1. Give the distance, in whole Å, between the Cα centre of segment 63-80 and the Cα centre of segment 96-111.
2. At a Förster radius of 41 Å, what calculated FRET efficiency corresponds to the Cβ-Cβ distance of Ala144 and Asp64, to the nearest 0.05?
3. Once the dipole of the chain is set up with Lys and Arg at +1 and Asp and Glu at -1 on Cβ about the Cα centre, which of Cys34, Leu66, Val108 lies farthest towards its positive end?
4. Within 10 Å of each candidate Cβ there may be at most 12 other Cβ atoms; applying that plus a DSSP loop requirement, which trypsin sites (Lys or Arg not before Pro) in segment 72-133 survive?
5. What Kirkwood hydrodynamic radius, in Å, does the chain give when the mean of 1/r is taken over all pairs of distinct Cα atoms and then inverted?
6. Calculated FRET efficiency, Asp89 and Met14, Cβ-Cβ r, R0 35 Å, to nearest 0.05?
7. Using the structure shown, select from Lys2/Lys30; Lys53/Lys121; Lys43/Lys65; Lys94/Lys121 the pairs with a Cα to Cα distance greater than 18 angstrom.
8. So which aspartates and glutamates pass the test for Lys36, namely a Cα distance under 15 Å, with those fewer than 8 places away in the same chain ruled out?
Amino acid sequence: MKCPFCNSADTQVMDTRANNEANSIRRRRKCLACDKRFTTYEKVELHMPRLVKKDGSRTDYARDKLAGSMLLALRKRPVATDAVDTALDRIEEKLRSLGEREVPTSRVGDLVMRELAKLDKIAYIRFASVYRSFETPDDFSVAAREIKQPRKRRK
Ligand SMILES: [Zn+2]
């Protein structure tokens, strides 16, 4: 960080404060060359990571699309739209907090499964059947068992 007065690179941070509403960090600095003080703001940016599909192609995260597949699984199920929105918020928050630039779509799928398991068991099985490409009736009973005994959280 260069001093805005004398351009010296020799500055010292005197105080650091988080500015939560603005998602920024405020730093009070002192220039060691000219002794002037100034304040800098660093924006904390938590981006949604891009998604890496099974075939290696990349795609942007799209809430609409994710909502679409969740709502499809939840079709005609007694689940409030608000609850779906909240679940989506939680998924997005988790994805952002990973701090990764890219995550595999399977990660998103797992997060959706976890949310659906809480929302509605039928929807969970419906989603799992598409997501994991169920082929045999056994796959369904495996998923049904998982609901009673959810899989251990993946890190
Ligand atoms: Zn200076």
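1. 20
2. On the way: r = 29 Å, r/R0 = 0.72.
Once the sixth-power term is evaluated, E becomes 0.90.
3. Cys34
4. Values: sites: Arg75, Lys76, Arg90, Lys94, Arg96, Arg101, Arg107, Arg114, Lys118, Lys121, Arg126, Arg132; in loops: Arg75, Lys76, Arg101, Arg132.
Listed in order of number, the matching sites are Arg75, Lys76, Arg101.
5. Working: mean 1/r = 0.0530 Å⁻¹.
About 18.9 Å, per the Kirkwood formula over Cα pairs.
6. Details: r = 37 Å, r/R0 = 1.06.
Computed FRET efficiency for Asp89 and Met14: 0.40.
7. Numbers: Lys2/Lys30 10 Å; Lys53/Lys121 26 Å; Lys43/Lys65 29 Å; Lys94/Lys121 22 Å.
Among Lys2/Lys30; Lys53/Lys121; Lys43/Lys65; Lys94/Lys121, the Cα-Cα distance tops 18 Å for Lys53/Lys121; Lys43/Lys65; Lys94/Lys121.
8. Counting by Cα, and skipping residues close in sequence, Lys36 has these aspartates and glutamates nearby: Asp10, Asp15.
Every number in this text was worked out from the coordinates using simple rules, so none of it is lab data. This structure is a prediction, so every number in the text was calculated from the model and none was measured. Here the Cβ is made from the backbone with ideal geometry for all residues, glycine too, and neighbour counts use every protein chain on show.
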